[in-house]
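Read the figures in this text as sums done on the coordinates, not as results from a lab. This is a predicted model, so every value here is computed, not measured. Positions of Cβ are generated from backbone atoms using ideal geometry, with glycine treated the same way; all protein chains shown enter the neighbour counts.
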Amino acid sequence: MLETIHHRICPLCEACCGLEIKVQGGKVTSIKGHAQDVFSAGYLCPKGVALKDLHEDPDRLRTPLIKRNGTFVEATWEEAFAEIERRLPPLLAAHGRNASAVVVGNPSAHKIGLLSYFGKLARALGTKNIFSSSTLDQMPKQLASGLMFGHWLSVALPDIARTELLLVIGANPLASNGSMWTVPDFKGKAKAMQARGGKLIVIDPRRTETAALADAHHFIRPGADVYLLAAMVQTLFAEKLVRLGSVAAWVNGVEEVGLAVAAFTPEAVAARCGIDAGTIRQLARELANTQRACVYARIGSCTQEYGTLASWLVDVLNVLSGHLDSPGGAMFAKSAAFASNTAGKPGMGKGVSTGRHFARVSGAPEVFGELPITCMAEEIETAGPGQVRVLFTVATNPVLSSPNGPRLAAALDTLDFMVSMDIYLNETTRHADVILPGLSPLEDFHYDLAFPQLSWRNHARYSPPVLARTDGAPEEWQTLLKLAAIVRGEGAQADANALDDAQFAEDAQRLAGAQAAAVIRATSGLKGPQRLLEVALRTGPYGDMFGMKPEGLTLAKVMASNSVGGIDLGELQARIPEMLRTPSGKVELAPPALLADLARPATDLARAAPDLVIIGRRDVRTNNSWMHNLPTLAKGPFRCTALVHPDDAQRLKLQDGAMAHIASGPRSIQARVQISTEMMPGVVSLPHGWGHDLPGARLQLAAQRPGANLNALLDDQLRDPLSGNAVLGGVAITMQAVAQEA
Ligand code: SF4
């Protein structure tokens with residue numbers, strides 16, 4: 001039987017590696033890195049190999065499920081849509097639009113069909129109750145970037161190919177290959193930096209894999225990043241080290257920042273950080289005195305009570321040390337398609353705003369069109385106008401991934417109707433009335449919509465489907481359009497392609513005006529997200545402008561480059577002021593909301609730090625909870641252990657390998673102890689996304705080693721007030737040994 005070779009971008013994490021996949025007789029026979037890939041040059045991690053496991057997993061859903069008398073039964077797509085049409089419209093009519101909610105998970109960021117069509121379902125529902133995993137992860141970085149640079153995805157990235165000093169805070173790119181930074185083979189790039197005389201410094205409460213590679217590592221108390229960063233900024237002002245470099249003409253608010261951080265001296269914050277004042281000053285001096293340097297911080301600095309402040313101060317440091325938008329510093333990618341910082345008038349825009357509406361129960365403000373995911377349970381539980389009675393979930397498992405998962409699980413059971421789009425019957429979708437299966441990544445075409453905006457190098461890559469879809473399965477964008485049609489009362493029989501044509505014609509008229517007919521003609525033969533991609537590429541910064549720049553990009557050209565690893569669009573280039581979309585046309589270094597929020601850490605500095613706190617951690621073999629069900633990733637040592645420093649273990653009488661009871665407020669779990677000098681004393685680490693022992697889920701391999709659910713321990717009322725992001729790290733706990741059974 002003939003073996004075929006396919007090239008496919010891996011969708012399993014933000015690194016977006018190019019893979020080479022061999023197929024014979026409809027079966028994947030091998031997966032390796034695509035050596036010619038212009039972006040990842042042959043790199044892959046174990047998760048990429050596990051795409052085969054995911055495709056072949058007997059637990060992966062291939063047909064819709066409808067819950068009948070408490071039991072899921074297989075159904076056809078027609079039956080599933082008919083069931084939704086029977087039950088949904090009467091509920092929307094009776095309770096109103098805001099009685100519905102939508103929650104979407106991070107796999108959707110890797111699927112152009114979900115990402116570009118999810119909004120059509122949300123708009124059809126007309127609800128303000130939009131939730132996503134963004135408020136468990138990166139929303140603080142997006143908000144800080146939006147306030148400073150004018151758009152939510154204008155995130156400054158380390159130019160690792162040219163830097164001489166990379167200061168990494170609360171991130172483990174050696175395990176993640178970047179987060180809000182798409183950087184496959186971070187390890188290779190960091191080693192290359194070290195080989196040319198550069199330096200990697202890591203600040204983290206755990207001696208992570210990245211810290212082990214670093215030239216220097218400093219432990220920091222979880223939640224103290226804001227203090228360290230503010231004290232470094234204060235040092236730059238105090239020691240007259242502020243230099244704005246090439247962006248000097250484009251920065252507002254330098255003096256205001258200097259005044260705002262004046263009280264955060266290294267001496268004032270040293271004890272809170274667990275880092276002495278001399279080291280804090282030295283870090284600031286090194287940053288200022290290195291020609292090509294950059295600060296990068298991620299999930300640890302985002303998922304804490306001052307997440308937006310910490311994310312902001314990272315870029316304040318990059319600006320004040322002269323490293324923003326400078327080769328080897330913190331730069332901006334220029335994406336070939338879909339980037340708002342390449343659209344409209346260059347150098348100026350509307351900026352971002354928050355609080356256009358508020359959560360009904362907590363009053364938390366909307367951010368980037370979303371409410372905090374940690375508000376979801378109370379919005380379902382709390383009676384009154386706007387109480388959520390209907391829920392759509394898309395590629396998400398918040399019962400395991402969101403704080404106070406048990407409370408959310410109980411709330412889901414009280415809904416009148418729940419529809420899930422997912423590839424698994426998991427701990428969340430078990431509560432659904434109808435589950436509509438998503439596609440295996442190998443059945444879908446791929447173009448990354450978001451990650452080229454966060455990439456270490458500019459590129460355009462497209463992957464066609466590797467394997468045929470299951471008979472009768474719609475594409476995911478078609479499923480979302482059908483759901484939107486049911487919501488609008490157009491019925492389950494509505495034709496998704498016709499709906500898409502009508503919507504595209506409307507959009508073309510709105511965006512292209514007199515040219516609309518020409519755009520529709522030029523894209524005929526395409527549909528769905530492929531058609532959107534064609535328009536975005538051709539009108540993007542490298543595009544052919546529909547023939548006006550014949551050498552420019554088209555979808556056909558990007559498709560044709562698949563076998564040679566895509567199109568390289570070069571190293572990062574200076575983009576200020578062209579990429580700015582703030583109303584002033586400047587980098588806003590001192591957004592008033594952020595200056596005002598500094599009052600919280602200033603006051604909290606007097607608060608006694610808890611004896612013992614918990615943080616999460618990243619492992620190269622897991623990213624989403626369903627990865628625990630894939631044999632390639634699940635094998636090997638048990639990974640859901642509570643890492644405890646030997647001094648804490650001795651003090652608390654904890655034994656290596658034994659179970660411990662961990663409590664935080666009224667919530668508690670039990671987890672296996674692993675004693676480790678990786679940990680800072682007083683800090684315990686447990687990975688999240690585990691706890692696969694709940695009845696009704698169908699993740700059979702994961703259930704054999706279920707692990708403990710960190711999120712069952714965390715408080716869903718703890719949030720960063722600006723971004724609405726959950727507080728997942730630095731949470732106070734107590735810990736004691738579980739008595740051994742005789
Ligand atoms: S690092 Fe691994 S999971 Fe991430 S894109 Fe590359 S191969 Fe896939």
Open item on the list: What is the sum of charges, Lys and Arg at +1 and Asp and Glu at -1, for the other residues whose Cβ falls under 11 Å from the Cβ of Arg360?
Closed with: -1
TODO: Grab the other residues whose beta carbon is less than 14 angstrom from that of Leu572, score K and R as +1, D and E as -1, and report the net.
DONE: +1
Open item on the list: Roughly how far apart, in whole Å, are the Cα centres of segment 529-575 and segment 47-69?
Closed with: 34 Å
Task: Two-site label geometry, Val564 and Ala737: point separation in nm, points 7 Å out along Cα→Cβ - done: 6.5 nm
Open item on the list: Under 5 Å between amide hydrogens, which residues at least 5 positions from His217 or on another chain qualify, with H placed 1.01 Å from N in the peptide plane?
Closed with: Val202
Task: Volume of the Cα convex hull of segment 410-535, divided per residue and given in Å³ - done: 178 Å³
Open item on the list: Can you classify segment 3-56 as rounded, prolate or oblate using the Cα gyration tensor, where a ≥ b ≥ c are the square roots of its eigenvalues, rounded means a/c under 1.5, and otherwise it's prolate if a/b beats b/c and oblate if not?
Closed with: oblate
Task: Residue-averaged [θ]222 nm for the chain, counting only DSSP H segments that reach four residues, each worth -39500 (n - 2.57) - done: -8500 deg cm²/dmol
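Could you pull out every whole DSSP H run in the chain that spans at least 24 Å of Cα extent along its own axis and averages -0.5 or higher on the Kyte-Doolittle scale?
Taking the DSSP H segments of the chain (at least 24 Å long, mean hydropathy at least -0.5), we get 77-95.
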TODO: Rounded to whole Å and sorted largest first, list the principal axis extents of the Cα atoms in segment 588-649.
DONE: 50, 37, 15
- [ ] Name all residues of segment 112-146 having a backbone nitrogen under 18 Å from the label point set 7 Å from the Cα of Ala93 along its Cα→Cβ direction, giving them as ranges.
- [x] 125-126
- [ ] For segment 70-100 and segment 326-393, compute the distance between their C-alpha centroids and round to whole Å.
- [x] 27 Å
Open item on the list: Ignoring solvent entirely, what values of log10 I(q)/I(0) come out of the Debye formula for the chain at 0.06, 0.07, 0.11 Å⁻¹ when each Cα is a single scatterer?
Closed with: -0.34, -0.47, -1.27
- [ ] Between Gln573 and Asn497, with labels modelled 7 Å along Cα→Cβ, what's the label distance in nm to one decimal, could you check?
- [x] 4.0 nm
- [ ] Just need the relative contact order of the chain here, percent rounded to a whole number, with Cα pairs under 8 Å and 6+ apart.
- [x] 20 percent
Task: Tail weight of P(r) past 15 Å, computed on alpha-carbon pairs of segment 490-562, percent - done: 56 percent
Task: Karplus-derived HN-Hα couplings along segment 691-702 (A = 6.51, B = -1.76, C = 1.60, θ = phi - 60°), whole Hz, x at Gly and Pro - done: x, 8, 10, 8, x, x, 7, 10, 10, 5, 6, 4
Open item on the list: So if each residue of separation counts as 0.36 nm, and I subtract the Cα-Cα distance between Thr677 and Met548, what length gain in nm does that give?
Closed with: 40.3 nm
- [ ] Round to a whole angstrom and tell me the spacing of the C-alpha centers of segment 671-742 and segment 466-508.
- [x] 39 Å
Task: Antiparallel bridge percentage (DSSP; both residues within the chain; nearest 5) - done: 50 percent
Task: Long-range amide H partners of Ile615 with built H, under 5 Å - done: Val684, Ser685, Leu686, Gly730
TODO: Over the Cα atoms of segment 610-737, compute the convex hull volume and normalise it per residue, giving Å³.
DONE: 124 Å³
Task: P(r) of segment 154-261 over all Cα-Cα pairs, binned every 5 Å from zero, in whole percent - done: 2, 11, 17, 20, 19, 16, 11, 3, 0
Open item on the list: Can you compute the radius of gyration and Dmax for segment 1-126, using only the Cα atoms, both in Å?
Closed with: 19.7, 58
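Please work out the FRET efficiency for the pair Arg469 and Ile520, using the Cβ-Cβ distance as r and a Förster radius of 25 Å; give the result to the nearest 0.05.
Here the calculated transfer efficiency is 0.40.
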- [ ] Convert each backbone phi in segment 423-433 into a coupling constant with the Karplus relation 6.51 cos²θ - 1.76 cosθ + 1.60 (shift: θ = phi - 60°), then list the ³J(HN,Hα) values in order as whole Hz, x for Gly and Pro.
- [x] 8, 9, 8, 10, 5, 9, 5, 4, 7, 6, 8
- [ ] Per residue of segment 621-635, in order, report the coupling 6.51 cos²θ - 1.76 cosθ + 1.60 (Karplus, θ = phi - 60°) as ³J(HN,Hα) in whole Hz, putting x for Gly and Pro.
- [x] 8, 9, 9, 10, 4, 5, 5, 6, 9, 9, x, 4, 8, 7, 6
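So which GluC sites (Glu not before Pro) in segment 504-557 end up in coil per DSSP with only 12 or fewer other C-beta atoms within 10 Å?
Working: sites: Glu506, Glu534, Glu551; in loops: Glu551.
Those satisfying the criteria are Glu551.
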TODO: Could you list which residues have their amide H under 5 Å from that of Ser30, counting only those 5 or more apart in sequence or on another chain, with H placed in the peptide plane?
DONE: Lys22
Open item on the list: Net charge around Ala15, counting only other residues with Cβ within less than 11 Å of its Cβ (Lys, Arg = +1; Asp, Glu = -1)?
Closed with: -2
